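Participant: First the structure, then my questions, so here it is.
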Amino acid sequence: MSDTACSPVLTRRIVASPAMCGPGSLFFGQAGDWTWQTVGEACSINTYRACTPDGDPSYLAFYYYRVRASPLVHPYGIAFGDEFDLESRVFQDGSRSVVTLHRLAPPGAALPALHPDEFHLAPRRDCLYVENFNRWLSRSDSDTNQGLVSRPPADFRPADLPALPSEHSPRHACGRARHHGTFHPAGLADHDLLTVAAFHTTHTVDAARDLNGAGLLYFASYFSIIDTALLRLWRELGRSDHAFLRRHLLDHRLAYFSNADPGDRIDIAVRLWRHAASLEETSDVRLTDAVTGRLIAVSSIRLLPPSV
């Protein structure tokens with residue numbers, strides 16, 4: 001296992017504001033901002049105004065986003081004014097990308113420093129974790145969000161960061177998700193899960209709601225698009241909106257494989273599974289371009305639904 005003792009650490013006391021609370025994508029957007037701030041401090045780089053050697057904007061784009069929660073604390077259960085101690089650490093995973101880990105812990109808890117082993121192998125029940133894998137991307141054509149290319153800023157020096165232990169690299173999980181349309185191990189559905197529904201819907205990228213300040217499809221908008229599709233499925237199953245608002249998130253994985261332009265129509269395929277023993281539910285969601293079939297994103301969500 002690689003030594004992570006020299007990994008840059010950023011600690012903060014967080015008070016939950018309305019901008020990070022609710023049953024939608026607000027928490028995910030807030031945590032993404034923590035990642036940009038943390039990478040900026042760890043790498044001594046302005047993540048908001050980073051440029052390629054040619055002077056073009058270089059964006060710290062999200063390629064993989066994971067949240068690990070527990071029965072005690074999860075994103076949709078955070079209320080106004082809740083307090084947490086936030087610890088964030090950054091690791092290199094290749095010459096053009098970084099992995100950032102965040103841990104939200106009870107305020108004042110005396111915990112050991114956050115290590116990738118804790119996130120992957122022994123997450124605490126009283127903590128909430130976020131893992132982000134980001135790559136530096138730039139537009140290849142100023143008139144479209146498609147065809148983004150890997151071009152890091154001139155002053156990005158990943159060698160200054162500790163290497164992420166290879167067994168914890170998100171690259172492996174993302175490769176499986178691209179190929180299989182799920183983050184779950186091959187064959188798991190055959191013996192552990194029961195199919196309860198399959199569902200298809202569409203979303204048209206909304207220029208008034210879905211884009212960020214750079215004109216790209218905002219990384220947190222993917223969560224909103226997926227949640228809207230899941231809500232439509234819940235309604236098809238006869239479940240109430242009130243029950244949807246009370247769902248308890250346990251694990252959310254999302255891999256971003258491409259971006260989209262305003263007006264693009266996205267096909268969304270959802271498979272909903274119920275675990276035969278625990279009654280936990282898992283949703284596999286696949287987003288593709290409705291015209292070209294281009295893969296846009298894959299997500300797997302594990303949650304505990306309320307009584308419906």
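Participant: Among the residues of segment 133-178, what is the count of those that are of a type in the set (Asp, Glu), touching a Ser or Thr at 6+ places or on another chain (Cβ under 9 Å) and not in a helix (DSSP H, G or I)?
Facilitator: Going through segment 133-178 one residue at a time, the tally reaches 1.
Participant: Oh, and also: Find the residue count for segment 222-237, including only residues that are touching a residue at least 40 places away in the same chain (Cβ under 8 Å) and open to solvent by 20 Å² or more (accessible area, probe 1.4 Å).
Facilitator: Total meeting the criteria: 2.
This table checks each residue for (1) in a strand (DSSP E or B); (2) in contact with a helix residue (DSSP H, G or I) (Cβ under 8 Å, 6 or more places away or on another chain); (3) within 18 Å of SER300 (Cβ to Cβ); (4) charged (D, E, K, R).
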position	(1), (2), (3), (4)
ALA220	no, yes, yes, no
THR228	no, no, yes, no
TRP234	no, yes, yes, no
ARG239	no, no, no, yes
LEU254	yes, yes, yes, no
ALA260	no, no, no, no
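Participant: Under 23 Å from ILE266 (Cα atoms) and either of a type outside the set (Gly, Ala, Ser) or surrounded by 19 or more Cβ atoms within 10 Å (Cβ to Cβ) (or both): is that true of LEU250 in this structure?
Facilitator: Against the criterion (under 23 Å from ILE266 (Cα atoms) and either of a type outside the set (Gly, Ala, Ser) or surrounded by 19 or more Cβ atoms within 10 Å (Cβ to Cβ) (or both)), LEU250 does not qualify.
Yes/no per residue for (1) surrounded by 24 or more Cβ atoms within 10 Å (Cβ to Cβ); (2) in a strand (DSSP E or B); (3) more than 19 Å from the chain's Cα centre (by Cα); (4) of a type outside the set (A, V, I, L, M):
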position	(1), (2), (3), (4)
GLU87	no, yes, no, yes
VAL98	yes, yes, no, no
LEU101	yes, yes, no, no
LEU104	yes, yes, no, no
GLY108	no, no, yes, yes
LEU111	no, no, yes, no
HIS120	no, no, no, yes
PRO123	no, no, no, yes
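Participant: Could you give every pair whose Cβ atoms fall below 8 Å, whose first residue belongs to segment 11-33 and is farther than 15 Å from SER224 by Cα and assigned to a helix (DSSP H, G or I), and whose second residue is open to solvent by 10 Å² or more (accessible area, probe 1.4 Å) and of a type outside the set (A, V, I, L, M), counting only separations of at least 6 or pairs across chains?
Facilitator: Pairs that qualify, where the first residue is farther than 15 Å from SER224 by Cα and assigned to a helix (DSSP H, G or I) and the partner is open to solvent by 10 Å² or more (accessible area, probe 1.4 Å) and of a type outside the set (A, V, I, L, M), are PRO18/PHE80.
The values are calculated or read from the model by the stated rules, or taken from the named source; none is laboratory data. Worth saying up front: this structure is predicted, and the values here are computed from it rather than measured. When we count neighbours, we look across all protein chains shown, and the Cβ atoms used for this are built from the backbone with ideal geometry, even at glycine. Quick note on the areas: whole protein, heavy atoms, side chains included, nothing else; ligands and nucleic acids left out. Shrake-Rupley method; radii C 1.70, N 1.55, O 1.52, S 1.80 Å.
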